[in-house]
Amino acid sequence: MRKLRKIQFIYPKFRRFYQVLAEWSPLFRTTDYEADARTRTPPCLAFPILAALTPSDVEIAFLDDRIDQLDMARLDADLYCLHVKTEMAPRAYQLADALRAAGRTVVLGGLHTTYQPEEAKQHADVVFIGDGEGTWQEMLADYERDALKPFYRRAHPVDMREVPIPDRHIYDRYAYSNPVNYLQVSRGCMLTCAGCPIPFAYGNRIRFRPLDLVERELQAFPASTIYITDDNLFFTGERYAPYTDELLGSPAKPTSRRSTTSCTTDSPPAPSTAISHPWIGFAASTTSIGRPASKSGCPSTWAPISTIGASPTRCCGSCARWMRSWSSS
């Protein structure tokens, strides 16, 4: 058997949306937000979660490719693991190809590899598909047995009890606009919004993290502000509303500090509806969620809207009704 000594996580750089807009029109700013620590956002929770699942005797290094360059003359890790969202894929593949040419073992995972595993495999020794909990530990054991598989995919979506408290300290070497203030309490979504990868990657059933684990994580949370990363935290109906209600009212609730989350502007649609992002049915109704959420310290939420086959009036009207309800709460 061989001993796993060191893992190098790499977050590839990518073109941000504001950079694309600046190419379209001089009206948009060309400021490089990543160059300034005051506006540079931290990476996602994927690496801190994997770090928490890694044996303590394995050294973990992290490189933010938006800020630093990988020194190809000083490659000393056993595994090079890159996170791949679609906008990152060109740079991730470039780095992966260079590392493999140097004789290094490359692991790719993320939403893009879940959608395009065969494409990703052309640039990697190992490709992860979907949730990494469980399969990550399996892959580490396989490495030490010199028996790595080309693909790792769970037979079933991960039970959220298996998701550990992320080890956010791996990001400490970098200065970001805020501490790594991301919090995840669920995965999956039962909506089928056009262009959204979440149901395909994480299932069309929402899996909630037990509130006692959420509370334990919040007790040692590193930031005074919280961004709840869930793609759609609030839903109507008996199956989902109680969790949101209990989350907002728990002793260590995330909204005991200033928090932001993502949500939708209407209840889950009937199959015949034409709106592709009819986002949010808050905990019990559009009106009822505004009061507990705003009073418990959640002043803002992201609510993307797109329409495919829907009239702008219908879509904007839905959003406007929700916004009036929220502001009047």
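Residues that are in contact with a strand residue (DSSP E or B) (Cβ under 9 Å, 6 or more places away or on another chain) and more than 14 Å from residue 149 (Cβ to Cβ) were ranked within segment 94-105; the one that is surrounded by the most Cβ atoms within 10 Å (Cβ to Cβ) is 96. When segment 159-178 is filtered for residues that are surrounded by fewer than 13 Cβ atoms within 10 Å (Cβ to Cβ), under 18 Å from residue 226 (Cα atoms) and not small (Gly, Ala, Ser), only 172 remains. Against the condition modelled with pLDDT under 95, surrounded by fewer than 20 Cβ atoms within 10 Å (Cβ to Cβ) and among the hydroxyl-bearing types (Ser, Thr, Tyr), how does residue 202 come out, does it pass? So residue 202 does not fit the description; no. Considering segment 31-57 alone, what residues qualify as being small (Gly, Ala, Ser) and at pLDDT below 85? Residues satisfying the conditions are 35, 37. Filtering segment 138-158 for residues that are in contact (Cβ under 8 Å) with a residue 60 or more places away in the chain, hydroxyl-bearing (Ser, Thr, Tyr) and either farther than 17 Å from residue 105 by Cα or surrounded by 15 or more Cβ atoms within 10 Å (Cβ to Cβ) (or both) leaves a non-empty set.
Once segment 70-86 is narrowed to residues that are of a type in the set (A, V, I, L, M, F, W, C) and under 28 Å from residue 196 (Cα atoms), the residue that is nearest to the chain's Cα centre (by Cα) is 84. Take segment 56-81 and flag every residue that is among the charged types (D, E, K, R) and touching a residue at least 24 places away in the same chain (Cβ under 8 Å). Hits for segment 56-81 are 59, 64, 65, 66, 76, 78.
Within segment 57-89, the set of residues being among the charged types (D, E, K, R), in a loop (DSSP other than H, G, I, E, B) and surrounded by 14 or more Cβ atoms within 10 Å (Cβ to Cβ) comprises 65, 66, 78, 85.
Check whether at least one residue in segment 98-110 is of a type in the set (A, V, I, L, M), more than 20 Å from residue 140 (Cβ to Cβ) and in contact (Cβ under 8 Å) with a residue 40 or more places away in the chain, and report yes or no. Walk me through how you get there before you give the answer.
Taking segment 98-110 and keeping what is of a type in the set (A, V, I, L, M), we get 98-99, 101-102, 106-108.
When the remaining residues are screened for being more than 20 Å from residue 140 (Cβ to Cβ), the result is 98, 101-102.
Okay, now just the ones that are also in contact (Cβ under 8 Å) with a residue 40 or more places away in the chain, so none.
Taking every residue of segment 98-110 in turn, none turns out to be of a type in the set (A, V, I, L, M), more than 20 Å from residue 140 (Cβ to Cβ) and in contact (Cβ under 8 Å) with a residue 40 or more places away in the chain.
For residue 219, the test of being modelled with pLDDT of 85 or more and either basic (Lys, Arg) or out of contact with any Gly (no Cβ under 9 Å at 6 or more places or on another chain) (or both) is failed. Does segment 16-30 contain any residue that is at pLDDT 90 or above, assigned by TED's automatic domain parsing to the domain that holds residue 147 and part of a loop (DSSP other than H, G, I, E, B)? No - not one qualifying residue is present in segment 16-30. Consider segment 90-107 and keep the residues that are not in a helix (DSSP H, G or I) and not charged (D, E, K, R). The one that is nearest to residue 44 (Cα to Cα) is 107.
Is it the case that residue 209 is under 27 Å from residue 7 (Cβ atoms), out of contact with any Gly (no Cβ under 6 Å at 6 or more places or on another chain), at pLDDT 85 or above and surrounded by fewer than 17 Cβ atoms within 10 Å (Cβ to Cβ)? Can you show your working first?
Working: under 27 Å from residue 7 (Cβ atoms): yes; out of contact with any Gly (no Cβ under 6 Å at 6 or more places or on another chain): yes; at pLDDT 85 or above: yes; surrounded by fewer than 17 Cβ atoms within 10 Å (Cβ to Cβ): no.
In short, no.
Candidates in segment 108-140 are the residues that are in a helix (DSSP H, G or I) and among the hydrophobic types (A, V, I, L, M, F, W, C); of these, the one that is modelled with the lowest pLDDT is 111. Under the condition of being free of Cβ contacts under 8 Å to residues at least 60 places away in the same chain and within 12 Å of residue 81 (Cα to Cα), the residues counted in segment 124-137 number 5.
The values are calculated or read from the model by the stated rules, or taken from the named source; none is laboratory data. This one's a predicted model, so the numbers in the text were calculated from it and none came from an experiment. We place every Cβ from the backbone using ideal geometry, glycine too, and count neighbours over all the protein chains shown.
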